[in-house]
Amino acid sequence: MINYNPKILIVDDISKNIQIVANILKSENYLISFANNGKKAVGLCQEANFDLILLDVMMPELNGFEACLQIKEISTYKDVPIIFLTAKSDTDSVLKAFEVGGVDYVIKPFNAKELLLRVKTQIKLRELTHKLVQTEKIIALGSLVAGVAHEINTPVGVAVTATSKMDSKTKKFSKFYKSNELTKYDLDNYLASMQEGLSITFKNLERASELIQSFKQVAVDQSSEEKRKFKLCEYLNETLISLKPKFKNKNYIINLNCNMNLELNSYAGVYSQIFTNLILNSIIHGFKNLNSGEINIDILIKNLNLIIEYKDNGVGIDENNLKKVFEPFFTTNRENGGSGLGMHIVYNLITQKLNGKIDFKSEKNRGIEFLIIIPLKDFNE
Ligand SMILES: Nc1ncnc2c1ncn2[C@@H]1O[C@H](COP(=O)(O)OP(=O)(O)OP(=O)(O)O)[C@@H](O)[C@H]1O
Ligand SMILES: [Mg+2]
C-alpha cells in the first residue's frame, strides 16, 4: 500500500463548499489542499502530486471540465482520479465529465457518507494500481537481471577458462625456461596455444561487451539524444542504404512508401534504431534460408498520428512464439548470437520514448505485419 497519507485537492469557487467537503473527509488521514478556481487547481497540480481531485464544474476563469482536460495533460496526472462535484445533473454534463477524463460524478447536494465512500473507493483503487505497477516492475527487473546474468555468464565463463589455461601453460613454460629444458617444439606449442587462448578470450570479451551495450539500450531513458527536426523518409532512406551490406548477394527488395517531405521534430536515432531492428529481423529470421524476400513499409499521417505499416513476406512466427516476441531474451537464434533484445528495445522505444503503440500479426509462412502508431502532438510543429 502507499505508505503516506493520500493527498486530496478540493476545487470549488465557494469556500463554504470546500469546508463542507473537507469536514466530510476529515475522518480519514487525508492531506487536504484546496483551490477556488480551475486555473489555480491546474497550477497546484503542476507543483504537487495529488492522489485524488474533487472538482466543481461551474467556476469562473476556467470551468471544471476545462481544468480537468488541462490537468490530464500533465504527464503525472494521467491516472489520478478526478471526481466531479456539481449541481449540474443533466445527462450531457454527466457524459461530458467522463469524456474529459473524470472517473466519477457526484451531484450536489450530496450525501456525506456516499461522498466519503466514493472517495475511499478511488483512493483504494489507486493504491492497488500503484502496488500492481510496483510488483510488475520488480518482477520485470528481476527477470531482466537474471537474463543479463545468464547471457553474460557464457562469454565471461569461456574467457575465464581460456585465461586460466594460458596461465597454467605460462607457468609450465616458465619452469622449462628457467631449468633450461625448453625445446623449440615447446616454444612453438606455447606460442600456438597463447594465440588460440587470446583469440578465444578476445572474441568472448567482445561478445560480453556487445551484450552490455544492448542491455544499456533496454533502459531507454539513458539515451541522451535531443529532439530535432528531420525529414523522416529521407532519413530512413539513409538508414536503408547503410543496411545494404547486410543483404550480401541476396535478392531482397525494400519498398518505402512515404511522403518525402514529411518532417518530424523527434528523436531521429530512435527511428533508425527501430527500423534497423525490424529490417535485420526480416533478413535474419524472416528470410532465413530464402534467397529472396520483400519488405513493404508504408508511412502516413492519419488523425494526428504517424502510422507505420511494416510487412515482410518471410517465414513468419510460430504460433507458440507470438506472445514472446517483445519479451527480453526471447530469441530463436541463440546459436548465431541473437540476444533476443532487439524487439524488446523496439517496444520500449515506441511505447516509452515515442508514447506510441506497436502490434503485429503473423502466420507461419505468411510473413509478419507490424502496425506502429505514434501520436504526433509531441513531435511535430
Ligand atoms: N520478421 C521476423 N520474421 C520472423 N521471425 C521474427 C521476425 N522478427 C522477429 N522474429 C522472431 O522474434 C524473435 C525476437 O526478435 P529479437 O529482435 O528480439 O531478437 P533476435 O533478433 O533473435 O536477437 P537480437 O537481440 O540480436 O535482435 C526472433 O528470434 C525471431 O524468432
Ligand atoms: Mg533482432
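Just so it is clear, none of the values below were taken in a lab; they were calculated from the coordinates. None of these values were measured; they are calculated from a predicted model. We place every Cβ from the backbone using ideal geometry, glycine too, and count neighbours over all the protein chains shown.
Some observations on this one:
- Rg/Rh (Cα only; Kirkwood hydrodynamic radius) as it applies to the stretch 62-126: 0.97
- Translational diffusion coefficient (Stokes-Einstein; Kirkwood radius from C-alpha pairs) of the chain at 4 °C, 1.567 mPa s, in µm²/s: 50
- Per the Kirkwood formula applied to alpha carbons, the stretch 95-246 shows a radius of gyration over Rh ratio, Rg over Rh, of 1.35.
- Evaluated at q = 0.18, 0.20 Å⁻¹, a Debye calculation over the C-alpha positions of the stretch 132-218 (equal weights, vacuum) places log10 I(q)/I(0) at -0.81, -0.90.
- Cα gyration tensor shape for the stretch 7-110, rounded if a/c is under 1.5, else prolate or oblate: rounded
- The stretch 7-110, relative contact order in percent, only Cα pairs under 8 angstrom and at least six apart counted: 25
- Kirkwood-type radius of the stretch 96-146, with distances r between different C-alpha atoms, in Å: 13.6
- Anisotropy class of the stretch 247-381 from Cα gyration tensor, a/c 1.5 cut: prolate
- Among the trypsin sites (Lys or Arg not before Pro) within the stretch 1-77, those in coil by DSSP and having at most 11 neighbouring Cβ atoms inside 10 Å are K26.
- Measuring from each cysteine beta-carbon in the chain, the ones with no other cysteine beta-carbon under 4.7 angstrom are C45, C68.
- Here the sum of -39500 (n - 2.57) over DSSP H runs of 4 or more residues, divided by the residues of the chain, equals -15500 deg cm²/dmol at 222 nm, to the nearest 500.
- Dipole size of the chain about its Cα centre, with +1 on Lys/Arg Cβ and -1 on Asp/Glu Cβ: approximately 980 debye, rounded to the nearest 20.
- Considering only the chain, percent of DSSP beta bridges that pair antiparallel, nearest 5: 50
- Selected from L290, L95, L341 as most flexible by GNM, with the chain as the system and alpha-carbon contacts under 10 Å: L95
- Structure note, pairs K248/K311; K246/K311; K39/K353; K203/K248; K7/K113; K353/K377: Cα-Cα distances above 25 angstrom occur for K39/K353.
- Look at I82, I32, I279 and count the other Cβ atoms within 10 Å of each Cβ; fewest to most, that gives I32, I279, I82.
- Top positive-direction residue, dipole computed over the stretch 228-375 with Cβ charges, set L278, N251, F329: F329
- For the stretch 212-304, the share of DSSP beta bridges that are antiparallel, to the nearest 5, is 35%.
- A dipole drawn for the stretch 145-203 from +1 and -1 charges on Cβ atoms has a positive end, and of M194, T170, V145 the residue lying farthest that way is T170.
- Of E363, E61, E309, the residue with the greatest mean-square motion in the GNM of the chain, using alpha carbon springs below 10 Å, is E61.
- For the stretch 201-314, the square roots a ≥ b ≥ c of the C-alpha gyration tensor eigenvalues yield an a/c of 1.5 or more together with a/b not exceeding b/c, which makes the shape oblate.
- GNM result for the chain, Cα springs below 10 Å: residue of K288, K357, K171 fluctuating most strongly: K171
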